[in-house]
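Following: one structure in structure tokens, then a few remarks.
The values are calculated or read from the model by the stated rules, or taken from the named source; none is laboratory data. Model, not experiment: these values are computed from the prediction. Neighbour counts run over all protein chains shown; Cβ positions are idealised from the backbone, glycine included. Surface accessibility is based on the protein's heavy atoms, side chains included, excluding ligands, DNA and RNA. Shrake-Rupley method; radii C 1.70, N 1.55, O 1.52, S 1.80 Å.
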Amino acid sequence: MKMFVAVILLVVSGAAFAQETNTIRIPKLEINKNKKEVFTGRDSSLTVYIDTLIMKDKSQLVFFGKKDVDLRVAHAEIGKRAYIFGTDGKNNGTDFQIDMRFEKLGMLYVLAGGQDANNNGSRTFPNGDGGNVAFTYDTAGVVPQTNDKKSPHYLQIDTRAGGYRVNPQNDLRNIYSLINMGSAGRPLGNLAQGTVYSGSPGKDGKSTVEGR
């Protein structure tokens, strides 16, 4: 019985540790102008708590290989043209739950759109779906606006699917070129996994911006 209890405790503690690896707590994160901070790893979901986030002009906060991200920021100072970007690594945009209090806001873009499946032999996934973004801001701080990008405190969220920007003529030229370069008996050998991807766009995501 004691051995059984010990095994159960080990399993429970292991599960608790595994859950904790999906959560990151950061007292202060400062990203300098034109620099980026990248979060990646094997887990497809991630929760990030940041006490103070400072993003200088044209800085980037990137989540790669993440399907779901819960980002909570107690104090945010955002410069001009700062970006939060997320993708699951398979051309799909990240689903974001963002809760943030702005102490300063110049211009922030949340990019959770799908990516294009270019038929150039290097991509291995079809046109991606856009992510869903729920953005909540603290009304006691700076209140973002989504109507005029030339005015201060601008917030834009992109959840559009991939595939809208693909040029069919260029796609066909790339496909034919790769097929012509293929070896005898393997005409599709130069295509990514021997696959020609559909030109149909993915599914658009949705976004909400609400105060609390």
Filter pass, Asp138 being of a type in the set (D, E, K, R), over 16 Å from the mean Cα position of the chain (by Cα) and buried (at least 17 other Cβ atoms within 10 Å of the Cβ) = yes
query = Taking the stretch 106-118, which residues are aliphatic (A, V, I, L, M) and either in contact with a helix residue (DSSP H, G or I) (Cβ under 7 Å, 6 or more places away or on another chain) or crowded, with 24+ Cβ neighbours inside 10 Å (or both)?
reply = Leu108, Val110, Ala112, Ala117
ask   = Which residues, counting only those in the stretch 37-73, are open to solvent by less than 60 Å² (accessible area, probe 1.4 Å) and either free of Cβ contacts under 8 Å to residues at least 24 places away in the same chain or touching a Ser or Thr at 6+ places or on another chain (Cβ under 9 Å) (or both)?
value = Gly41, Leu46, Thr47, Val48, Val62, Phe63, Gly65, Lys66, Val69, Asp70, Leu71, Val73
ask   = If the Cβ limit is 9 Å and pairs must be 6+ apart or interchain, which residue in the stretch 89-109 that is in contact (Cβ under 8 Å) with a residue 60 or more places away in the chain and on the phi > 0 side of the Ramachandran plot pairs with which residue that is of a type in the set (Asp, Glu) and buried (at least 21 other Cβ atoms within 10 Å of the Cβ)?
value = Asn91/Asp116; Asn91/Asp129
